[in-house]
1. With a ≥ b ≥ c the root eigenvalues of the C-alpha gyration tensor of segment 31-79, is it rounded (a/c under 1.5), prolate (a/b larger than b/c) or oblate?
2. Give me a comma-separated list of calculated 3J(HN,Hα) values for segment 7-14, in order, Karplus coefficients 6.51, -1.76, 1.60 applied at θ = phi - 60°, integers in Hz, x for any Gly or Pro.
3. Quote the FRET efficiency, to the nearest 0.05, computed for residue 41 versus residue 81 with a Förster distance R0 of 25 Å and r equal to the Cβ-Cβ distance.
4. Using protein chains only and a probe of 1.4 angstrom, how many square angstrom of residue 80 are accessible, to the nearest 10?
5. How far, in nm, would the chain grow between residue 8 and residue 20 when pulled straight, counting 0.36 nm per residue and subtracting the alpha carbon separation?
6. Identify all lysines with a Cα-Cα distance to residue 12 below 26 Å; exclude those on the same chain that are fewer than 8 residues away in sequence.
7. How do the peptides 26-36, 10-20 rank, highest first, by the average count of neighbouring beta carbon atoms within 10 Å per residue?
8. Taking the Cβ of residue 15 as the centre, find all other residues whose Cβ is under 13 Å away and add up their charges (Lys, Arg: +1; Asp, Glu: -1).
Amino acid sequence: MRKPRDIDSELKMLADKARALRARKLVQLGELVTACGADTLPVETLAGALLQAGAMHDAATLEAWRTAGERWFRDKARSTSAKRGGAAPAAGAAPPPGTGTSAA
């Protein structure tokens, strides 16, 4: 006879995993704000800029921002690699993990 599944424990495990992923995302967003230097802005200014960005529907502006962000991650990866004495990532290489973008 098959062992019955413990649905309650599986649901709790999934909820715990979702909570951990949300916490990790918040930490990464905070690190991004700090790495970009936006932590020096007043909180109200940063919130206003993010609200404007979230409401933006102009495809050209969004693409320009995406390109600038991609370039920033690529340049940051190169400068970090150079500081460690490693080789710079190849052109078209994927951005660092957890950035939410993919190479296209």
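The values are calculated or read from the model by the stated rules, or taken from the named source; none is laboratory data. Just so it is clear, the model here is predicted, and its values are computed rather than measured. Ideal geometry is used to build each Cβ from the backbone, glycine not excepted, and the neighbour counts take in all protein chains shown. Ligands, DNA and RNA are stripped out before the accessible areas are found, and what is left, the full protein with its side chains, is counted by its heavy atoms. Shrake-Rupley method; radii C 1.70, N 1.55, O 1.52, S 1.80 Å.
1. Taking the square roots of the gyration eigenvalues as a ≥ b ≥ c, segment 31-79 is oblate.
2. Karplus-based 3J(HN,Hα) across segment 7-14 equals 4, 4, 5, 5, 5, 5, 4, 5 Hz.
3. E(calc), rounded to 0.05, equals 0.30.
4. My reading of the accessible area for residue 80 is about 60 Å².
5. Working it through step by step, the gained length comes to 2.5 nm.
6. 3, 25
7. The packing order, highest mean first, is 26-36, 10-20.
8. Values: positive: 12, 17, 19, 22; negative: 8, 10, 16.
Net of charged neighbours comes to +1.
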